[in-house]
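These notes concern the structure reproduced below.
The values are calculated or read from the model by the stated rules, or taken from the named source; none is laboratory data. Given the structure is predicted, the values throughout are model-derived calculations rather than measurements. Neighbour counts are summed over all protein chains in view; Cβ atoms, including those assigned to glycine, are modelled from backbone coordinates with ideal geometry.
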Amino acid sequence: MLDAEADPGAFREAMSSVYVGGTIKITAAGRHPATDRLLVDNIDLSQAHIVDIGASDGSTSLELIEKLPEFASYTIADLYLTLRAVDVGRRTVFFDRTGKAVLVAGPRFAGWPSLSTGVALVYAHVVRGARVAIADASEIVLLNPEVRRVMASDPRVDARVHDVFQPWVGEKPDVIKVANLLRRLYFSDDELVRALAALRDSLPEGGHLMLVDNPRMLNTPPRAGIWRRRGGRFVEIARLGDPEIADLVERLGAVTGNLTVAVDRKVARSA
């Protein structure tokens, strides 16, 4: 993560060691081919403004971008796009945006002070030393080197800090994708419903929400659903498998449509 020119695969592996904001920055290449196809096959994405929330290092965002028609913009959004790193001897302490020490990495071992009181005690002196030198911290961008190269060459692709529990600020996107973030593993049902309400309010009338979850369970393939905003509710457009929180979407007044699998015709954004 400290090397801006790191191998993309090695960067993804390192990212999976970051636990921040109550979630793990798990990422990998080739995670969403079926769910990407669900979106591309069912929604007209020509000149679409797309927001990808909770996109981790952006690897899966880049794979979707490569499959899109001529889109208008693609924003990779995450609450934690950067960490601050301070070297203390042979160890490096990583702080999140709130100033919490989330990872201590050394030549042989790594520890997560925010997850364990015991680990916090073991590394307390290291973290104290890092706080003394926090003014000299380096900013670590948590975006894959491949993604940063695309952002540098394509002005349509950018990144932005965003909290999924808050409405999107600025022009409302045509499509919002949220993958592997709104999980019962991380949040209560009440919290998830609050996030879904913010997502609904972030979309224009006729805009689309796509939820994806990769359970990482044996014999459990990726699951996804696409819903269109209609007033204060969501109407289901397509789904792949049984999305984990589809029942919570219904609590916002979602109406399940006739489409339960990928359909042959694309749905226009203005429909």
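Does any residue of region 30-46 turn out to be under 20 Å from the mean Cα position of the chain (by Cα), at positive phi and in a loop (DSSP other than H, G, I, E, B)? Within region 30-46, one or more residues are under 20 Å from the mean Cα position of the chain (by Cα), at positive phi and in a loop (DSSP other than H, G, I, E, B). It is to be established whether one or more residues within region 123-140 are out of contact with any Phe, Trp or Tyr (no Cβ under 7 Å at 6 or more places or on another chain), among the aromatic types (Phe, Trp, Tyr) and not assigned by TED's automatic domain parsing to the domain that holds residue 92. No, the conditions are met nowhere in region 123-140.
Report yes if some residue within region 69-82 is over 22 Å from the mean Cα position of the chain (by Cα), closer than 15 Å to residue 138 by Cα and modelled with pLDDT under 90; otherwise report no. No - not one qualifying residue is present in region 69-82.
For region 132-154, a residue qualifies if it is under 23 Å from residue 91 (Cα atoms) and surrounded by fewer than 16 Cβ atoms within 10 Å (Cβ to Cβ), and the qualifying residues are 132, 133, 134, 135, 136, 138, 139, 141. Hey, does region 158-170 have a residue that's farther than 25 Å from residue 63 by Cα and in a helix (DSSP H, G or I)? No - not one qualifying residue is present in region 158-170.
Looking only at strands (runs of 3 or more DSSP E) that fall completely inside region 173-256, which ones have 1 or more residues that are touching a Gly at 6+ places or on another chain (Cβ under 7 Å) and farther than 21 Å from residue 64 by Cα? Even if it seems obvious, please write down each step before you answer.
On the way: elements: 175-179, 208-213, 223-230, 233-240.
Where strands (runs of 3 or more DSSP E) fall fully within region 173-256 and carry at least 1 residues being touching a Gly at 6+ places or on another chain (Cβ under 7 Å) and farther than 21 Å from residue 64 by Cα, they are 223-230, 233-240.
Name the residues in region 184-201 that are hydroxyl-bearing (Ser, Thr, Tyr) and touching a residue at least 60 places away in the same chain (Cβ under 8 Å), would you? Across region 184-201, the qualifying residue is only 186. Pairs meeting the criteria (first residue in region 153-172 and closer than 25 Å to residue 196 by Cβ, second residue of a type in the set (S, T, N, Q), beta carbons under 8 Å, at least 6 apart or on different chains) are 158/73; 158/75; 159/75; 160/75; 167/202; 168/202; 172/202.
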